[in-house]
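Let me begin by presenting the structure, written as structure tokens, before commenting on it.
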Amino acid sequence: MAAASPNQQAPTPHVVALTGGVGGAKLALGLSRIMPPEDLRFIVNTGDDFEYLGLNICPDLDTLLYTLSGLSDESRGWGRRDETWNFMSALAALGGDAWFQLGDADLAVHVQRSHRLRLGQSKSEITAWLAQQLGLRCQVLPMSDQPVRTRLRGSDGWLDFQDYFVRQRCEPVIDAIEYVGADIAQPAPGVIDSITSKHCALILLCPSNPWLSIDPILAVPGIRAALRASTAPVVAVSPVINGKAVKGPTVKLMRELGLRPVAGTVATHYADFLDLFLVDPADVDELSPPPCRIEPAQILMRDLADRERLARTVLSACGTAITQTEPG
């Protein structure tokens, strides 16, 4: 193998994280604070993307972009901080369909994305541009440039994800989930290469909802197989603590789908590719027999310090050669 030229920097080990939703973005932020951001690759769920008022909305991509750039509204748990709502107020006054809230600053992102899609740019290209505009140096990769739509079946039939999650506030009882379009979608550029690269030091499944945030990613052909084939350790952080979800409908969905609402169910769900599962100390004993290596950790993230601490725990538990830095 030829050595790198004096002016060409040799590749450094990188971390790949599969993420979606607020819980995933919290740990992603912790990682971005303790390691060089250029060594991070985030593969993001786009199964909850949808069209609203003629705009292409990508909630999980935007949640991650806002969180990493310091723009997220942590008090609400979604959207941008210091947001204004003139557009939605005017829309409601006109009798418009205002069930999904778009802040004025947030709206600018959706308008730009939709405009660029109509010009023929891909979702990957637009996401990279948005990340650059927001000052990010990590790679943010949508799982696919083709549409994949998460749908849930309730007593009245199939529901689009945002209808279930936002309009109906997760209230319908669900007995099935599907990822429409996943079978013909392709991984976005960079997704498979990031996972299978010899420079990949760690693959992390963030504590996102397994069925609503991680499974849509795994449903895209080639991604789950790449995880199984990767030589890097694959680690997941449990989204369930002592039978309860930290946030969102994870435990509710597990019960409705006939699954035990415990951390061990999640570990088994990922068992075909998982090397290490981090759980709350209260959940260690219920994983018997464990489907993979199990380690207890303080996985509840209440604040920024918790996010950084858990990120360091993940890296240390896997013995990676990733360079850790002090937060700037």
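The values are calculated or read from the model by the stated rules, or taken from the named source; none is laboratory data. Note that the structure is a prediction, hence the values are computed from the model and not measured. Positions of Cβ are backbone-derived with ideal geometry, glycine not excepted, and every protein chain shown enters the neighbour counts. For the accessible areas, the whole protein counts, side chains as well, though only heavy atoms, and no ligand, DNA or RNA atoms are used. Shrake-Rupley method; radii C 1.70, N 1.55, O 1.52, S 1.80 Å.
Please name whichever of Ile34, Val44, Gly24 sits farthest to the positive end of the charge dipole of region 1-125, dipole taken about the Cα centre and charges placed at Cβ: Lys and Arg +1, Asp and Glu -1. Result: Ile34, furthest along the dipole toward the positive end. Positive end of the dipole of the chain (Cβ unit charges, origin at the Cα centre): among Pro142, Ala93, Gly248, the Cα lying farthest that way belongs to Pro142.
Averaged per residue, region 13-153 has 39 square angstrom of accessible surface, using a 1.4 angstrom probe with ligands and nucleic acids left out. Taking the simple approach of a point 7 Å from Cα along Cα-to-Cβ for both Ala90 and Ala317, what is their distance in nm? Simple spin-label model gives 4.9 nm for this pair. Label point of Gln132 set 7 angstrom out along Cα-Cβ; within region 20-41, amide nitrogens under 16 Å from it belong to 38. Annotation for Gln298 and Leu257: the two label points, set 7 Å from Cα along the Cα-Cβ direction, are 3.1 nm apart. Between His115 and Glu171, the FRET efficiency estimated from the beta carbon spacing at R0 = 35 angstrom works out to 0.50.
Along its three principal directions, the equivalent ellipsoid of the chain from the Cα gyration tensor extends over semi-axes of 30, 26, 19 Å, largest first. Expressed as a whole percent, the accessible area of the chain that falls on carbon and sulfur atoms is 51 (1.4 Å probe). If you take the Cα centroid of region 235-267 and the Cα centroid of region 13-28, the two points sit 18 Å apart.
Charging the Cβ of each Asp and Glu at -1 and of each Lys and Arg at +1, and nothing else, the dipole of the chain about its Cα centre rounds to 360 debye. Using only the Cα atoms of region 1-151, each taken as one equal point scatterer with no solvent, compute I(q) by the Debye sum, divide by I(0), and report log10 of the ratio at q = 0.09, 0.17 Å⁻¹. Values returned for q = 0.09, 0.17 Å⁻¹ are -0.32, -1.01.
Peptides 270-279, 27-36, 222-231 ordered by packing proxy, namely the average of other Cβ atoms within 10 Å per residue, highest first: 27-36, 270-279, 222-231. Each peptide in 114-122, 43-51, 127-135 gets a packing score, the mean of other Cβ atoms within 10 Å over its residues, and the list from highest to lowest is 43-51, 127-135, 114-122.
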